[in-house]
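Derivation of every value follows stated rules applied to the coordinates shown; laboratory data play no part. None of the values given here were measured: they were computed from a predicted structure. When we count neighbours, we look across all protein chains shown, and the Cβ atoms used for this are built from the backbone with ideal geometry, even at glycine.
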């Protein structure tokens, strides 16, 4: 689905990512773990086009067409494409920090994710971009998935931290995609909500979604991931199945500090 | 007498309302702190006046004013599109200085500081709006139409996309939207309405010169947008009425005209200060900017 080859990125003198290569396989949940400053979020930003790579390549296989928003195709080099172009190839992501549209309602936040017809001025002026029953339906459905049905008309800024997280997760899932990236979906949320989010991920996995995940909560990571990539100092230290990683002495030393 | 005075005030309210709601579209709904808005008003007024002086019909001058301003709005958006907040404000402010300087110095076209006198009053297929009452009706119709069109824009999904760009541009891009296009459109549409407001102003006053479009003329409009409340069209209209009419009673309590002008500035700044302290969102402001 996604291949990163020899990615390099420095910020001033700090080498955030140095020659990082790994692969994300279709229909699996891959977890990217590592100590703070290992370069995980930078890798996410490189993949989604928010920061430009100094060197290296990112190849993305849009495996199937998921909506009218998609152009699809095989093995596209997405290195240094714009975030909107990459999104339209079928990539969706959740940020580490809340990035909801704070002055809009939950419903409007979600409607914005469904398609890009809203950027066509004349079509909207002439009233030809209606909020169809179909769109309403998919919003109801996604809000049910994240257990936020009664918050449809709330303004995003009034939500609690955990609720914002759920709406953002819903927005990322609703954004047409074949590949979903989640940057610390459960950081700072309470244990009950953590379980809700874990169940959502397992539900997505059952639907054959391909997910790349950054997470510090090891219990959470090992309970949902199929494959784990451990990063340290901008490089891939080791990768493997969760059971192998759990007992790998290198990982224990680098990450768990034992 | 008093009737004519009220009609005059209401015409100004109408023109200012168009100018303010169009600025609200850029500032409140799209997050573009555009200090060059008065330049679009200027471009519209000059375009309309110059064409009208050539004997062209009003409807043509009026639309040409809007389109000319729109073209400049779009052109201004190209180099400034990646600027954020204060930097955009500075760049657009620079643009308004350039436009005033051109109006002052391109004497062959604009007659510079001498201004353009004798701009014809509008007439529509033989019906003349030279009478101020009929001009007021015309202004009210155009202002209402502008209000309805902008309202339609901001309530449509396109308007939500503008608001999303204002709230978090990066998140909007990650959803696959071309925010540069959204911002260009917003600035161009906003400029269009400023342009037609300029056309109405030129054909109402029948004389324009560069001093009518200085930065000092932008400040009341910006005050209206902030006092009315960001991202509220209703608030903008109410603020336009209040701020245009508020200084007027001064004339009746014996202040000479030379005092009324500066007093107006003082009243605006006091009101702005009070609003910012006690009601930071303005009359009906819906949003908080981070």
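With the helix formula -39500 (n - 2.57) applied to DSSP H stretches of n ≥ 4, chain B reaches a computed 222 nm mean residue ellipticity of -23500 deg cm²/dmol.
Take every pair of alpha-carbon atoms less than 8 Å apart whose residues are at least six positions apart; their mean separation over the length of the range B:2-214 yields a relative contact order of 45 percent.
The three principal axes of the C-alpha atoms in chain A carry coordinate ranges of 60, 39, 35 Å, sorted with the longest axis first.
Which of the peptides B:244-251, B:147-154, B:24-31 is most tightly packed, and how do the rest follow, judged by the mean count of other Cβ atoms within 10 Å per residue?
Values: B:244-251: 15.0, B:147-154: 16.8, B:24-31: 26.9.
In decreasing order of mean packing, B:244-251, B:147-154, B:24-31 become B:24-31, B:147-154, B:244-251.
Between residue A:246 and residue A:233, the contour length at 0.36 nm per residue exceeds the Cα-Cα span by 2.7 nm. Derived from the Cα gyration tensor, the three semi-axes of the equivalent ellipsoid of chain B are 29, 24, 18 Å, largest first.
Scoring A:161-174, B:97-110, B:182-195 by mean Cβ neighbours within 10 Å over their residues and listing the highest first yields B:182-195, A:161-174, B:97-110.
If we count other beta carbons within 10 Å of each Cβ, what is the order of B:46, B:41, fewest first?
Least crowded to most crowded, the residues run B:46, B:41.
Modelled label positions at residue A:10 and residue B:125, each set 7 Å beyond Cα in the direction of Cβ, lie 7.2 nm from each other. Does the range B:92-172 come out rounded, prolate or oblate by the C-alpha gyration tensor, with a ≥ b ≥ c the root eigenvalues, rounded set by a/c under 1.5 and, if not, prolate when a/b is larger than b/c and oblate if not? Oblate, since a/c reaches 1.5 and b/c is not below a/b.
Among the residues of A:101-110, the average count of other protein chain beta-carbon atoms within 10 Å of the residue beta-carbon is 5.
Would you order A:228, B:241, A:251 from fewest to most other beta-carbon atoms within 10 Å of each residue's own beta-carbon?
Starting with the residue having the fewest Cβ neighbours, the order is B:241, A:251, A:228.
When a/c reaches 1.5 or more, the comparison of a/b and b/c decides; with that in mind, is the range A:166-258 rounded, prolate or oblate per its Cα gyration tensor? Present the calculation step by step, with values, prior to reporting the outcome.
On the way: a/c = 2.00, a/b = 1.66, b/c = 1.21.
Judged from the Cα gyration tensor, the range A:166-258 comes out prolate (a/c at least 1.5, a/b above b/c).
Once the Cβ-Cβ distance between residue A:125 and residue B:81 is put in as r, and R0 is 30 Å, what FRET efficiency do you end up with, to the nearest 0.05? Each step should come with its number before you reach the end.
Values: r = 21 Å, r/R0 = 0.72.
After rounding, the FRET efficiency stands at 0.90.
Taking other C-beta atoms within 10 angstrom as a stand-in for reagent exposure, A:41, B:211 fall in the order B:211, A:41, fewest first. How high is the relative contact order of the range A:210-258, in percent, with contacts defined as C-alpha pairs under 8 Å that are six or more residues apart? Worked out over the range A:210-258, it gives 24 percent.
Across chain A, Cα pairs under 8 Å and at least six residues apart give a relative contact order of 28 percent. Counting Cβ atoms of other protein chains within 10 Å of each Cβ in A:78-89 and taking the mean gives 3.
Work out the mean other chain Cβ neighbour count within 10 Å for the residues of B:151-161 and drop it here as an integer. Present the calculation step by step, with values, prior to reporting the outcome.
Details: counts 0, 4, 3, 0, 1, 11, 16, 10, 3, 10, 11.
Counting other chains' Cβ atoms within 10 Å and averaging over B:151-161 gives 6.
The modelled label-to-label distance for the pair residue A:160/residue A:27, using points 7 Å beyond Cα in the direction of Cβ, is 3.8 nm.
Taking a ≥ b ≥ c as the square roots of the eigenvalues of the Cα gyration tensor, an a/c ratio of 1.5 or more together with a/b no larger than b/c marks the range A:151-205 as oblate.
In this simple spin-label approximation, residue B:53 and residue B:242 carry label points 7 Å from Cα along the Cα→Cβ vector, and these lie 4.0 nm apart.
Placing a label point 7 Å from the Cα of residue A:134 along the Cα-to-Cβ line, the residues of the range A:93-113 whose backbone N sits under 19 Å from it are A:110-113.
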